[in-house]
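Working notes, beginning with the structure itself.
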Amino acid sequence: MDKHTLATIIQEGSKIVSSLLNAYPLIKNSPSLPSVKSTQIKENGSTISTEDTIRYQRREISKELLLLEKHLQQGCKIDNKACDCCIVPGTKVYGNPTPVPIETPPEHVITHRGVVQPVSETFKREYHGELNELSVGYTSFPLLLTPEHPVLIAQNVRGSQRDIWRKKGISEDSLQWIPAEELTERDFMVFPRFREVKDREDISLQMAELLGWYVAEGSITGNRVTFSLSKDEIKNIARVKELIKNEFGVEPKSYEKPTVIHICYTQKGKTDIFREFGRGARQKRLPIWLLHLPIVKQKAFIMAAIAGDGSRQKYQIVYTTTSEILSYQIRLLLYRMGILHSLSVRAIGESFINGRKISPNGPRYDISIAGDAARSLDLSCGQRTSGNHGWISDNYAFLPIKCNRRIAYRGKVYNIAVDSDESYVTAHGCIHNCEKHPITIEALAQESLGMANDPVFKDVAKWSHSITSKTTQKASASGDYEDEYPRLAIKARELRKSVMGTDSVEALASDEGGQSDG
């Protein structure tokens, strides 16, 4: 929490709560609250005691419980999306599986569970204030989002003894949704891995390899597929011809240019599959089914793509494309395969090949693979490092946060509402959507557990997590929880009383409200 703005937040929040719910009855003779050890925290020159911090946390949790209570009383038919949490325009969100800007999201997005869910709403507002700029390992560009936006995090697992997490691994059970303003260099962002396998019998190992060559070197016009390779790539030329003959039973035709050999294959009705991968270099993309193929076929695909558009540098292998969409989708594919890698963007100037001027047609997107990740693909590179700085578990890739700083911003910000999983994925990792109250309550309660050993915070976090999926508009429309909502509203009030020591709304309106923690 941003404690130096505590007074302002409480004052503004209290006005909102009081105006909405002033009619709530008061409970006198409230029970005393557990005590917490007194310490002092220095924040921007001001001294804030731990007791003050816990009181602030109790009020914030109680305010959210109060708003959730009202939401439940209305059968979750009213708006539950305050949407303080937003990201800047231009941030790419993974669709199905095409990445698109947050301001023009697709009908479906990939969620933190690595599955696809529908988008129900898009939110836009003007914002003037500070943003958190997160620099995340394995990505060259930052993630900009409002301070309170929850991010899926493995918290406090990096430090001076960095080998601890490498040897022991990171438990997926420890993942938490944490506001962006609270993230540190000891944390990891989390990127989901596609786990479901859906094989296609018509895609053999050799066909998967040929599709990799097409993504790197191919184009399609009408029914003619053309692979364009440098004349020096003798082995690669022979391999592409062999794959075409084996898969389609015809000898491809070759046309030689000064520096390039074009290998052409034409067969009506047999070239449609190549169109799914795009016509030209800047339009290249991956269809969703490729991300679900068995890993052995995905490896055949990616190895061919790297052989065509990759380069071997001193300590890493770099795959380069002019297609932004393809670069983001290759990230999905490599994490699906358990391969750590870096995604970076670079501008390109003019160049010359054999005296021929080559004008740039946009930025280049580089996928770099090094260390253990490269060796797992049987790609040899320099031995400067023995490993990588990230981590791969069964369901996630863990990417280290390198820096978290505040920057000033004025302009539009956006968010989306996603059914069921209530999350979406950027190139950096998993972001929570606009279904706010339960997840905010859970995050605040988990944070408070680290400050005071009060079991009520654990109860609140567990309960909030359990009802999140029941508070969405989709859940309300289903009618499945119509009889349960009144009971949940009562439970929200009971928990608010346990947290604050009273269910008085007036107690939330004062810095001195509630019982002392001292």
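Taken together, the values in this text are just the output of simple stated rules run on the coordinates, not laboratory data. Owing to the predicted nature of the structure, the values given are computational and were not obtained by experimental measurement. A quick note on method: Cβ atoms are made from the backbone with ideal geometry, for glycine too, and the neighbour counts reach across all protein chains shown.
Between HIS128 and ARG275, the simple label model (points 7 Å from Cα in the Cβ direction) yields a spacing of 5.1 nm.
GLU242 sits among other residues whose Cβ lies under 12 Å from its own Cβ, and their net charge, with Lys and Arg +1 and Asp and Glu -1, is +1. In percent, rounded to a whole number, the relative contact order of the stretch 205-392 is 20, using alpha-carbon pairs under 8 Å and six or more apart.
Longer than 30 Å from Cα to Cα, which of LYS63/LYS470; LYS235/LYS270; LYS241/LYS297; LYS198/LYS458 are they? Say none if no pair is. Too far apart for the 30 Å limit: LYS198/LYS458. The ARG487 and GLU185 beta-carbon pair, evaluated with R₀ = 35 Å, returns a calculated FRET efficiency of approximately 0.20. Pairwise Cα distances in the stretch 205-392 exceed 20 Å for 56 percent of all pairs.
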